[in-house]
Amino acid sequence: MTTTRTRHDVCPVADLPVGEGRTYVVDGEQVALFRHRSGRVSAVQAACPHAGGPLADGQVDERVVVCPLHLNAFDLATGESTTGQAPIAVHPCSVGDDGRVSVEL
């Protein structure tokens, strides 16, 4: 089965503070975007599968995000939990030459 992804323009990268996350609604789906200290961006589902915690409000580094409610951690590249929870969705994203972040859903 082939899955078609659509690229969506979300925001200027300047709207994402370095080292933090923000939640955006993209095509009806809540997505957490993170701008890493290295300058790269990551996009994952916005709610923790454990109890719906706001992942954009969690602690983030280059590899993982930690849910602020119960400290469950998720790999930003694979979505796999490092603390035994169900995985989260990871969405391809990038910053264009125009400085805008786009996400594929």
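Since every read-out is calculated from the coordinates, none of them should be taken as a lab result. Worth saying up front: this structure is predicted, and the values here are computed from it rather than measured. Every residue, glycine among them, receives a Cβ derived from its backbone with ideal geometry; neighbour counts consider all protein chains shown.
Charge dipole (Cα centre; +1 on Lys/Arg Cβ, -1 on Asp/Glu Cβ; no other charges) of the chain amounts to roughly 80 debye.
Taking the dipole about the Cα centre of the range 17-104, with the C-beta of Lys and Arg at +1 and of Asp and Glu at -1, give me whichever of Ser81, Val65, Ala32 is farthest to the positive side. Farthest towards the positive end: Val65.
Comparing Cα centroids, the range 52-105 and the range 4-44 end up 10 angstrom apart. Subtracting the Cα-Cα distance of Ser38 and His70 from their residue separation scaled by 0.36 nm leaves 8.9 nm.
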